[in-house]
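Could you have a look at this structure, given as structure tokens, before my questions?
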Amino acid sequence: MNRRAWAAVLAAMLARSPLFGADAPFVYGPIAAQLTPADIAEVVATCSTPGKPAWLLEAYRLRHLSSENWFVDVHLAPDRTSPRLRRGEVNLCHSSDPVEPGQPVRWVSRGGHDRYAQVALQGSEFGESLQNPAELERPFNLLSEIGDEDLVSLVDFVRSSAGGKAKGGLPIRLVLRTAEGLFVVQTMEREDTGEQVEIRRVDGQWVLEEVSQSRWSVSGR
């Protein structure tokens, strides 16, 4: 069965349930409500990886591009898990402009993949099944290799307001470590704005270096 035939089968399965079916991926993001069952099926068929089912889709637009350009980050089932930490692949799927007005959106894989991490709230652990995570526990882009213990501890520190100097209780958008050993965490206050928190590890403790406002081009309009 080719990809478009498989997408049609998936769309029919998803459309039977208002919640898109028990085995379908969960969907969130600024334009999540605008994705049809056919869009979701096409994204899954186009941007999944064999043996790694799509678990969570984040749908959005980029403000500087045409309103016809939609993006979906496809989080695949995790390939590394522990009680409080999951890691896995995230693939980027984007729409191409319809050939003619009114024609269905076509979805294209960017190719390759990035990595995500998901950290359970302090005092909680993940269950065996993949659920639709609460906002604070949604996965974030992991742009550098960071050890499990450091990553969980870093996320806990940022969620707790980084010593009272940052806004705690915000979803995390991305985490990276620079070549100079600085840890950078972006949090989301709204769909396109948040804080950038810069932290160092000193003698086993997290030390806040700087908090600044951050803005990106995601849009739900």
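The rows are residues; the columns are (1) surrounded by fewer than 15 Cβ atoms within 10 Å (Cβ to Cβ); (2) under 12 Å from the mean Cα position of the chain (by Cα); (3) at pLDDT 90 or above; (4) not aromatic (Phe, Trp, Tyr).
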residue: Phe20; (1), (2), (3), (4): no, no, no, no
residue: Ala33; (1), (2), (3), (4): yes, no, yes, yes
residue: Trp55; (1), (2), (3), (4): no, yes, yes, no
residue: His75; (1), (2), (3), (4): no, yes, yes, yes
residue: Arg87; (1), (2), (3), (4): no, yes, yes, yes
residue: Gly102; (1), (2), (3), (4): yes, no, no, yes
residue: His113; (1), (2), (3), (4): no, no, no, yes
residue: Tyr116; (1), (2), (3), (4): no, yes, yes, no
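Identify, from the list Glu128, Glu149, the residue that is surrounded by fewer than 20 Cβ atoms within 10 Å (Cβ to Cβ), more than 17 Å from the chain's Cα centre (by Cα), farther than 20 Å from Ala179 by Cα and of a type in the set (Asp, Glu).
On the way: Glu149 fails: farther than 20 Å from Ala179 by Cα.
Only one candidate qualifies: Glu128.
Here's something else I'd like to know. Residues of segment 112-123 being part of a loop (DSSP other than H, G, I, E, B) and in contact with a Phe, Trp or Tyr (Cβ under 8 Å, 6 or more places away or on another chain), which ones? Full working, then the answer.
Kept after step one, since they are part of a loop (DSSP other than H, G, I, E, B), are these residues of segment 112-123: 112-113, 120-123.
Selection gives Ala120 alone.
I need every pair where a residue in segment 14-33 that is in the same structural domain as Asp73 (by TED's automatic domain parsing) has its Cβ under 6 Å from the Cβ of a residue that is modelled with pLDDT of 90 or more and in a loop (DSSP other than H, G, I, E, B), sequence separation at least 6 or different chains.
That search, which allows pairs on different chains as well, returns Phe26/Asn132.
Let me spell it out: the conditions are (1) more than 15 Å from Trp55 (Cβ to Cβ); (2) touching a strand residue (DSSP E or B) at 6+ places or on another chain (Cβ under 8 Å), and Ser82 meets all of them except one. Which number is the exception?
(2)
List the number of the failed condition for Arg200; all other conditions in (1) more than 16 Å from the chain's Cα centre (by Cα); (2) modelled with pLDDT under 95; (3) exposed (fewer than 14 other Cβ atoms within 10 Å of the Cβ); (4) farther than 22 Å from Arg115 by Cβ hold.
Checking Arg200 against (1) more than 16 Å from the chain's Cα centre (by Cα); (2) modelled with pLDDT under 95; (3) exposed (fewer than 14 other Cβ atoms within 10 Å of the Cβ); (4) farther than 22 Å from Arg115 by Cβ, the one that fails is (2).
Now for a different question. State whether the residues of segment 124-135 include one that is in a helix (DSSP H, G or I) and at pLDDT 95 or above. Break it down stepwise before answering.
At the first step, the residues of segment 124-135 found to be in a helix (DSSP H, G or I) are 135.
If we keep only those that are at pLDDT 95 or above as well, we get none.
No, segment 124-135 contains no residue that is in a helix (DSSP H, G or I) and at pLDDT 95 or above.
Only residues that are assigned to a strand (DSSP E or B), touching an Asp or Glu at 6+ places or on another chain (Cβ under 9 Å) and either in contact (Cβ under 8 Å) with a residue 24 or more places away in the chain or under 20 Å from Asp148 (Cβ atoms) (or both): list them for segment 179-205, please.
Matches in segment 179-205: Phe183, Val184, Val185, Gln186, Thr187, Glu195, Val197, Ile199, Arg200, Arg201.
Also: Could you tell me which of the residues Leu154, Leu176 is in the same structural domain as Trp206 (by TED's automatic domain parsing), in a helix (DSSP H, G or I), without any contact (Cβ under 8 Å) to a residue 60 or more places away in the chain and under 13 Å from Glu198 (Cα atoms)?
On the way: Leu176 fails: in a helix (DSSP H, G or I).
Answer to the selection: Leu154.
Filter segment 157-173 down to the residues that are over 19 Å from the mean Cα position of the chain (by Cα) and assigned to a loop (DSSP other than H, G, I, E, B) and list them by number. Steps first, please.
First pass over segment 157-173, keeping only residues over 19 Å from the mean Cα position of the chain (by Cα): 157, 160-168.
Within segment 157-173, Ser160, Ser161, Ala162, Gly163, Gly164, Lys165, Ala166, Lys167, Gly168 meet the criteria.
Look at Leu176 and say whether it is crowded, with 17+ Cβ neighbours inside 10 Å and within 24 Å of Arg84 (Cβ to Cβ). It would help to see each step written out before you state the result.
Numbers: crowded, with 17+ Cβ neighbours inside 10 Å: no; within 24 Å of Arg84 (Cβ to Cβ): yes.
The answer is no for Leu176.
The values are calculated or read from the model by the stated rules, or taken from the named source; none is laboratory data. The shown structure was predicted, so the numbers you read here are calculated from the model rather than taken from an experiment. Cβ sites come from the backbone with ideal geometry, for glycine too, and all protein chains shown count toward neighbours.
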